[in-house]
Each structure stands twice: as structure tokens, then as C-alpha cells.
1. Of the numbered conditions (1) at positive phi; (2) touching a helix residue (DSSP H, G or I) at 6+ places or on another chain (Cβ under 8 Å), residue 68 satisfies every one except a single condition; which is it?
2. Taking segment 87-114 as the search range and keeping residues that are of a type in the set (Asp, Glu) and surrounded by 13 or more Cβ atoms within 10 Å (Cβ to Cβ), which one is farthest from residue 74 (Cα to Cα)?
3. Any idea how many residues of segment 115-135 are surrounded by fewer than 16 Cβ atoms within 10 Å (Cβ to Cβ) and closer than 23 Å to residue 46 by Cβ?
4. Test residue 70 against the stated conditions and say whether it is in contact (Cβ under 8 Å) with a residue 12 or more places away in the chain and open to solvent by 90 Å² or more (accessible area, probe 1.4 Å).
5. So the check is Cβ under 6 Å with 6+ separation or different chains; which pairs have a first residue in segment 141-159 that's more than 14 Å from residue 48 (Cβ to Cβ) and a second one that's open to solvent by 70 Å² or more (accessible area, probe 1.4 Å)?
6. Which residue pairs have Cβ atoms under 9 Å apart, sit 6 or more places apart or on different chains, and have a first residue in segment 77-95 that is touching a residue at least 40 places away in the same chain (Cβ under 8 Å) and of a type in the set (Ser, Thr, Tyr) and a second that is assigned to a loop (DSSP other than H, G, I, E, B) and open to solvent by less than 100 Å² (accessible area, probe 1.4 Å)?
7. Could you pull out the residue among 184, 171 that is surrounded by 10 or more Cβ atoms within 10 Å (Cβ to Cβ), at pLDDT 90 or above and either within 19 Å of residue 42 (Cβ to Cβ) or not basic (Lys, Arg) (or both)?
8. What residue, of 46, 28, 19, is without any contact (Cβ under 8 Å) to a residue 12 or more places away in the chain and closer than 23 Å to residue 164 by Cα?
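The values are calculated or read from the model by the stated rules, or taken from the named source; none is laboratory data. In this text, all values refer to a predicted model and were calculated from it rather than measured experimentally. Quick reminder, even Gly has a Cβ in these numbers, built from the backbone with ideal geometry, and neighbours come from all protein chains shown. We work out accessible area using only protein heavy atoms, side chains counted, and drop any ligands, DNA or RNA first. Shrake-Rupley method; radii C 1.70, N 1.55, O 1.52, S 1.80 Å.
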Amino acid sequence: EVDLVEEIARLYGFPGIPTHVPRAGIATRAPDASQELVERIRSILTSQGMTEVISYSFMSPAEIKVLGLDKNDPRTQMVNVQNPLNDDQSVMRTSIIPSLMETVARNQSRRNMDLGLFEIGTVFYAREAGELPLEEQRIAGLYTGARYPESWSWPSEQVDLFDLKGALQGLLQTLGICGWKALLKTA
């Protein structure tokens with residue numbers, strides 16, 4: 001059939017065949033509320049001087065053991081990858097903390113000590129056999145190193161828990177979330 005059409009086109013003459021650019025409409029969907037919230041959180045934290053980290057959703061089972069969790073903790077119930085590329089990526093992550101800590105270690109080994117990092121990502125929890133894993137969005141952040149860049153006008157101070165607490169307060173306040181003050185007073 002294709003050969004017949006080609007032969008007719010050749011005999012008729014290719015310049016005589018009208019050409020048209022195909023028309024296709026591009027439809028975009030409005031982002032849902034959870035996507036807008038993630039974008040707001042990302043914007044708020046980067047405006048506070050933090051840097052976003054994006055890491056793989058795979059991890060080693062040993063990375064969760066480092067956290068010292070109870071054996072009944074849901075984060076110890078990992079989803080195995082059927083055909084992992086290596087043992088370091090053999091399960092789906094159940095926490096963002098190990099990947100953030102790995103990023104800090106990699107940066108500090110390169111003498112980059114002053115960090116303010118956060119990650120917004122999905123974690124995966126195993127369910128019953130045959131069921132898809134439960135997927136949930138999480139956010140984690142950390143500070144390490146000097147509070148301010150080295151300068152004659154600022155004393156050399158290291159970040160502490162209160163820097164992270166201030167970032168969290170700024171985030172919650174900007175998002176308009178109520179009832180967080182009592183929770184942070186106990187932290």
C-alpha cells in the first residue's frame with residue numbers, strides 16, 4: 001500500500017501535493033493544591049538561604065539501620081527492588097534523612113562545611129504482599145557549619161538547633177499554619 005501511494009505521488013509530482021503543518025492544541029492542567037504547596041515550601045526555604053537536594057528514591061537497607069529505629073517502626077518495612085543495579089540501591093527509601101546525611105558527608109569531604117540543605121521527596125512503605133507500596137511526601141532539612149560567611153563584622157559562630165528552629169518557624173508562619181508555637185516551645 002505504501003509503495004503504491006509513493007508511486008502515485010512520484011507520477012503526479014511531489015510539488016503538486018499540498019502540504020499542511022499538523023495542528024495540535026497544547027492543553028495544560030492547573031497544578032493541584034499539593035503541587036502548589038510544595039512549590040511554596042521550596043520558595044520559602046530557598047529564600048531563607050537553604051539549598052534543595054534531589055536524591056534517588058533507592059537506598060541501601062543499611063542506611064535505615066544507622067538511624068537506630070525500633071524494629072516495629074514503619075520505616076524499617078522497606079520495599080525491595082526486584083532487579084537492583086547494586087546493593088546500595090536495593091530498596092525504596094523510607095526516610096529522606098539518610099540521603100541528606102550522605103550529601104553532607106560528601107560535601108564535607110570536599111571541605112564544604114557550611115550547608116543549609118532541604119529535600120522534599122517521596123518515601124515508600126511496604127504493604128501486604130501483592131499491594132503497591134504506600135507513597136507519602138516528606139520534607140527534611142539541616143544546617144551545618146558556620147552561621148554566617150567569614151567576615152570582620154560578624155563573629156565566627158556555628159549553627160545550632162535554634163537556626164533550624166527559626167527556619168521551621170519562618171516556614172510555618174509564612175504558610176499561615178496555626179498552633180505551631182506551642183509545639184516548638186517544647187522542642
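1. (2)
2. Taking the candidates together, the pick is 114.
3. 1
4. Judged against the criteria, residue 70 is not a match.
5. Correct list of pairs: 145/113; 145/114; 146/114; 154/148.
6. Pairs that qualify, where the first residue is touching a residue at least 40 places away in the same chain (Cβ under 8 Å) and of a type in the set (Ser, Thr, Tyr) and the partner is assigned to a loop (DSSP other than H, G, I, E, B) and open to solvent by less than 100 Å² (accessible area, probe 1.4 Å), are 95/67; 95/69.
7. That would be 171, the only listed residue that is surrounded by 10 or more Cβ atoms within 10 Å (Cβ to Cβ), at pLDDT 90 or above and either within 19 Å of residue 42 (Cβ to Cβ) or not basic (Lys, Arg) (or both).
8. Result: 46 is the single residue among 46, 28, 19 that is without any contact (Cβ under 8 Å) to a residue 12 or more places away in the chain and closer than 23 Å to residue 164 by Cα.
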